[in-house]
1. B:K109 versus (1) at pLDDT below 95; (2) touching an Asp or Glu at 6+ places or on another chain (Cβ under 7 Å): which is the lone unmet condition?
2. Mind checking whether some residue in region A:656-665 is within 10 Å of chain B (Cβ to nearest Cβ) and buried (at least 18 other Cβ atoms within 10 Å of the Cβ)?
3. Could you look through region A:619-631, keep only residues that are open to solvent by less than 50 Å² (accessible area, probe 1.4 Å) and out of contact with any Phe, Trp or Tyr (no Cβ under 6 Å at 6 or more places or on another chain), and pick out the one that is farthest from the other protein chains (Cβ to nearest Cβ)?
4. Might you check whether a residue that is more than 10 Å from chain B (Cβ to nearest Cβ), open to solvent by 20 Å² or more (accessible area, probe 1.4 Å), among the charged types (D, E, K, R) and out of contact with any strand residue (DSSP E or B) (no Cβ under 8 Å at 6 or more places or on another chain) occurs anywhere in region A:601-618?
5. So, in region A:565-596, how many residues would count as being more than 11 Å from chain B (Cβ to nearest Cβ) and under 12 Å from B:L600 (Cα atoms)?
6. Mind listing whichever residues of region A:550-564 are open to solvent by 10 Å² or more (accessible area, probe 1.4 Å), assigned to a strand (DSSP E or B) and within 14 Å of chain B (Cβ to nearest Cβ)?
7. Quick one: in region B:576-600, of everything that is polar (S, T, N, Q) and open to solvent by 10 Å² or more (accessible area, probe 1.4 Å), which residue is farthest from A:S576 (Cα to Cα)?
8. Sort through B:I512, B:I518, B:I462 and tell me the only one that's among the hydrophobic types (A, V, I, L, M, F, W, C), open to solvent by less than 10 Å² (accessible area, probe 1.4 Å) and closer than 22 Å to B:S382 by Cα.
There are 2 protein chains.
Amino acid sequence: MEAPEAGGAIRSPPCAPTRPGRGGMELRPDPPGAGAIHSFKSQKTIGKHKKHFKMLLMFKYTPLPYSDVRITDPFWGERQRVNHEKSLPKQHEMCERTGRFEALKLQWKPGDENRPHHFWDSDTAKWLEAACYACRIRDDADLRGKIDRVAELFEKAQQPDGYLNSYFTQIDTDRRWKNLRFNHELYCAGHIFEAAVAHHELTGSDSLLRVACRFADYIGSVFGTEEGKIPGYCGHEEIELALVRLYQATGQSRHLELASYFVEQRGRQPLWFKLEQEGVIPPDFQGHGFVDDYVQAHVPVREQQEVCGHAVRAVYLYCALADVAREKKDPTLFAAAERLWSNLTECKLYVTGGIGSSWVGEAFSTKYDLPNERAYCETCASVGLIFWAHRMLQHSGDPAYADVLERALYNGALAGMSLDGESFFYQNPLASFGGHNRQDWFECSCCPSNLSRLLATLGSHIYSESADEWLVHLYIGSEARFGSGGRIRQSGGSPWDGHVEFEIDPAAGREIGLGFRIPSWCGAHEVLVNGAGVDAVEDRGYIRLRRAWRSGDRVSLRFEMPVIALAGNPRLMGNSGQIALQRGPFVYCIEDADFAGSVLGVRVSPAQKFDARFDTDLLGGVTVIEGRAVADANSPDTLYHRWGPAAGTGTRFRAIPYFAWNNRSRGAMRVWIPIAPEQ
Amino acid sequence: MEAPEAGGAIRSPPCAPTRPGRGGMELRPDPPGAGAIHSFKSQKTIGKHKKHFKMLLMFKYTPLPYSDVRITDPFWGERQRVNHEKSLPKQHEMCERTGRFEALKLQWKPGDENRPHHFWDSDTAKWLEAACYACRIRDDADLRGKIDRVAELFEKAQQPDGYLNSYFTQIDTDRRWKNLRFNHELYCAGHIFEAAVAHHELTGSDSLLRVACRFADYIGSVFGTEEGKIPGYCGHEEIELALVRLYQATGQSRHLELASYFVEQRGRQPLWFKLEQEGVIPPDFQGHGFVDDYVQAHVPVREQQEVCGHAVRAVYLYCALADVAREKKDPTLFAAAERLWSNLTECKLYVTGGIGSSWVGEAFSTKYDLPNERAYCETCASVGLIFWAHRMLQHSGDPAYADVLERALYNGALAGMSLDGESFFYQNPLASFGGHNRQDWFECSCCPSNLSRLLATLGSHIYSESADEWLVHLYIGSEARFGSGGRIRQSGGSPWDGHVEFEIDPAAGREIGLGFRIPSWCGAHEVLVNGAGVDAVEDRGYIRLRRAWRSGDRVSLRFEMPVIALAGNPRLMGNSGQIALQRGPFVYCIEDADFAGSVLGVRVSPAQKFDARFDTDLLGGVTVIEGRAVADANSPDTLYHRWGPAAGTGTRFRAIPYFAWNNRSRGAMRVWIPIAPEQ
């Protein structure tokens, strides 16, 4: 490993002592026999030991920095390679071609092409941030050159007073801070801060970090509740979590205080957005639910009970809640994040880990309104959910957060990028008639670089540590270096089988606990230490082993990975009479490419024994699920027809992991499959 | 019968010679045996005789005026009674209480309560129109008194130049015709015209009709493509069909020409709404899809291919297309209406006859986007669909239009009013968690009076006549007087059984054809004439009998009325794995009031033999459908859980007609029921 010693990105030490809701998923299959260690029942013991659990885990864990975890996993290594070699160059090219870089030169004149947009700097900054991460885990002279040039563009675009926004510096120059609800200036600032931290971590240079700090200090001079300041906040959250990162990178508490101001001021009376001059909202965005709860500013964050509004804004805010709660050791603020988490996972989360079901405003809808082909599920929203879950996980040590993190990572987020890394989904519906296909860029192109920064920092999601314990949350082949100097090497067949090997190299001979998350998808599981079965302690969702490890000690895990047929809560009316298939962390779908006809007429009996088979040649190598199905030979033309017991002919079906759909041909796809009668 | 001789309301002589699409429903059950006369197969012969069919039927039929049809049916008679005795007084009271009548006195001042709204006159006019119809079919001194007072309010509110709108005459007086897209002035005018025609038909007085004609003439002096006129049209269609009614009532062709102008000008380049001053659209309505196709003004109506935008506006326009096409003998304009009908019934029509699925803008969505609990289905939209279907039916003689008319009438529209006639649905979702309940009024209260005018004029939907044929479209007990002076008395057990009796009283001994529509829901059917079986000719969807009828001749029809389990087109993904139950014209639902637990966990096997039983004491007397079901004893709390074959316990279920839901208690309801495995 080649990681420098700088503070890790996305480092999120836990803080507050409350217990989160377990979340709305209960996917663990029934135990196959009396020998099963892990079952529904054992999960329930968590509730009984609630208080004990809280006391044990509060403030305990810190994630390993992504730079201290080298991913060796064939599946995720390939995703990181493609991200590095294809996606980042592609995004750089698109930023160049669309004028996003040029905009930072502040030389645009009316009549020129590529008129800058007020959120373009966020795309540029997010590319820069992602490129820095990618370069740090695998150095690359060409990418470093691009990074230097883009960083310099930002440095030169900063105004004497510290302000930095390429749009409002050269266009609408009299509109600075005039429309916080819509204009994304503070949102863009946040992404510049995050890029600056990443740049500093990569290069050791303070040049861009100084720009960020000057900008942050200028913002601090403008915003606040003090006389003469604007008591406002941004319509699109992001600066809050970014300021915490700036604080973590610099140790300057004023950045944390400003983050705390933005979090706490939000939704306080009198509502800032009500005070903003009327008529500043562009017509196209009026009516798009663009009211206070659309931007999570209807009541103070501590009083918010329900995830609402624009999904990406929401999860960025919730990340900041967790961050500020942790840094300020404020359990009541964290409790607000827990309440929102429970609401999300109990009634607004897709089985793919997608969130934000509504096309109107890219937003959360009402409870249990999770349509499939009309699911919005912005890629950025799943990425943001992963960020949020990651913070909640460190804070609480509760594997329920890791379950959702894994679900969003392997499905809702990963689907956002094609296998070749060069095209992207902005929306991730759970069904399509064939009209939804990946694109190489978007007018609002937030998603590609968000995926890129997630993939480059994936290492930080796998392990956490405390003074006396190492936790493994995700089963991704990797070499990790812990703070104490100890190391773990993880290998095995994940994500396609549940056999995982760990080689332990403790820094010293001292006793340390190892905790391995028991995934929600596994059946029975088995633990071997140096080849011999052991009576592992299953405690709070982790297999826990404590001993004085010796260098070369091996832990082997065998997680059963059955095909699971999932049903939806009866309140998900659009899923009634349908199942979704899952195996391991992957949710599956069926798509036209695997059928002679259309997937729209396919029905599957959930009671059958499904076959799972790894196909090396398919979609870069995936495990497919196969089985018996019934298909309508002649799909009716009419909207409604008489139900018939004998309709459909027997056939076989093949399901592929959801993330890999739309990589072969354009066609219909669905995750939720109607149930066929028993055959 | 007590009908005067004035021209009938909603009289819609057919005109153009084209054949409509059959519509997207094919609900006829399989024939139970070889004896079945009517089957899927026989339906298909219509297509083979397409040309012949067109030639035979073009321009042929005219509906009987509602005033020439006295409804004696226990079911519909009760609905008319409740409408007369409860709904109309209730609406009158609410118009009074909310200041809608007061507004017409033009004395509102800032600071007064009940500030008038720009579409209030439409509510008042529609109440007046409905009250006139109701009074005409059953005179009522009290109602006449109210009618006189409201008519006088309108008469006195008219301005010297003919303009009439209580809002723009006393508030925003400088905004007359300044915002056609939004301000509903022409829409309100249309409702005043319709009320004036109804008032004239009831009273014989010209007082309000003269007001309407003066207003129409003033509008004609303002709008048009001639130099100095406004080449615009209303954002909410209605005036088009109303001007045709004014033409029919007065014989003045300038009203027809103005209707034609409004229909044809719509969507022509340059688009009027693009020309309107920017910024006139109130912020609340911007972004609500409030673009040109939202108001069906994106391309000329003759080029429109897909039903789109606000559903009520859309169907009002399509009514006018049919009206103008008929009056101007323009088959190409009618062909546009046929295309739009096909599009509607092939991919945008709920099984309840509800239309306009989207809560955003009360609008049509994309093809096959028909969510259930999030269905908007405005009551007015189903009412407007009935108006449109009624016109198309007269024009073509195609029973497919009557099928949809009947579906919307008995389900989507009728559900809009409580059994006691005093509360109303604005939206008619096909499923509810229990939070959707009827209200006694709405801020935008278009629906109650729309239902009232439909119920009062229901008689006009039952029969049509031509020179040598009488058609029966709906099986509703009634006494009808045909233009020739002949009469039919219809009686029987409809809508709860399929036994219908007709007593014929021909005006003279001449030969006349009788045509009885074969409903889409019937199984086998049988025809008796004076008690003896006959070989009835089934022709173009009607049982046709031709002879020199004698007074007292009886025709008896026996339509099998099986319980039909309907399945949705596979593209209706939210209905996959679910069925809807229908019997006769009624679509059924299950609601919490009939279950110990919640309907949300109930599943039903569609292969069973369902029981249909008339329950005199339930909901005013309805036939319920009963059978075996599976119910989840403990509904899972989680969003997703493992599917289990043994889940649920056997139980019985009871389904009630959809129109009658939410009349006992608040609770969950669903039309589409998940399929249970065979038991």
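The values are calculated or read from the model by the stated rules, or taken from the named source; none is laboratory data. Remember, predicted model here, so these are calculated numbers, not experimental data. When we count neighbours, we look across all protein chains shown, and the Cβ atoms used for this are built from the backbone with ideal geometry, even at glycine. Side chains included, ligands, DNA and RNA excluded: accessible areas come from the protein's heavy atoms. Shrake-Rupley method; radii C 1.70, N 1.55, O 1.52, S 1.80 Å.
1. B:K109 satisfies every listed condition except (2).
2. So in region A:656-665, the residues within 10 Å of chain B (Cβ to nearest Cβ) come out as none.
Within region A:656-665 (the criterion being within 10 Å of chain B (Cβ to nearest Cβ) and buried (at least 18 other Cβ atoms within 10 Å of the Cβ)), the answer is no, since none of the residues qualifies.
3. At the first step, the residues of region A:619-631 found to be open to solvent by less than 50 Å² (accessible area, probe 1.4 Å) are A:619, A:621-627, A:629-631.
Keeping just the survivors that are out of contact with any Phe, Trp or Tyr (no Cβ under 6 Å at 6 or more places or on another chain) gives A:619, A:621-622, A:624, A:626, A:630-631.
Values: A:L619: 24, A:G621: 27, A:V622: 22, A:V624: 20, A:E626: 18, A:V630: 12, A:A631: 10 Å.
That would be A:G621.
4. Yes, region A:601-618 has at least one match.
5. Filtering region A:565-596 for residues more than 11 Å from chain B (Cβ to nearest Cβ) gives A:583-586, A:588-596.
If we keep only those that are under 12 Å from B:L600 (Cα atoms) as well, we get none.
Total satisfying the criteria: 0.
6. Within region A:550-564, just A:V563 meets the criteria.
7. Of all residues in region B:576-600, those polar (S, T, N, Q) come to B:576, B:578, B:582, B:598.
Filter once more, keeping what is open to solvent by 10 Å² or more (accessible area, probe 1.4 Å): B:576, B:598.
Working: B:S576: 8, B:S598: 14 Å.
Restricting to residues being polar (S, T, N, Q) and open to solvent by 10 Å² or more (accessible area, probe 1.4 Å), the top hit is B:S598.
8. Numbers: B:I512 fails: closer than 22 Å to B:S382 by Cα; B:I518 fails: closer than 22 Å to B:S382 by Cα.
Going through B:I512, B:I518, B:I462 in turn, just one is among the hydrophobic types (A, V, I, L, M, F, W, C), open to solvent by less than 10 Å² (accessible area, probe 1.4 Å) and closer than 22 Å to B:S382 by Cα: B:I462.
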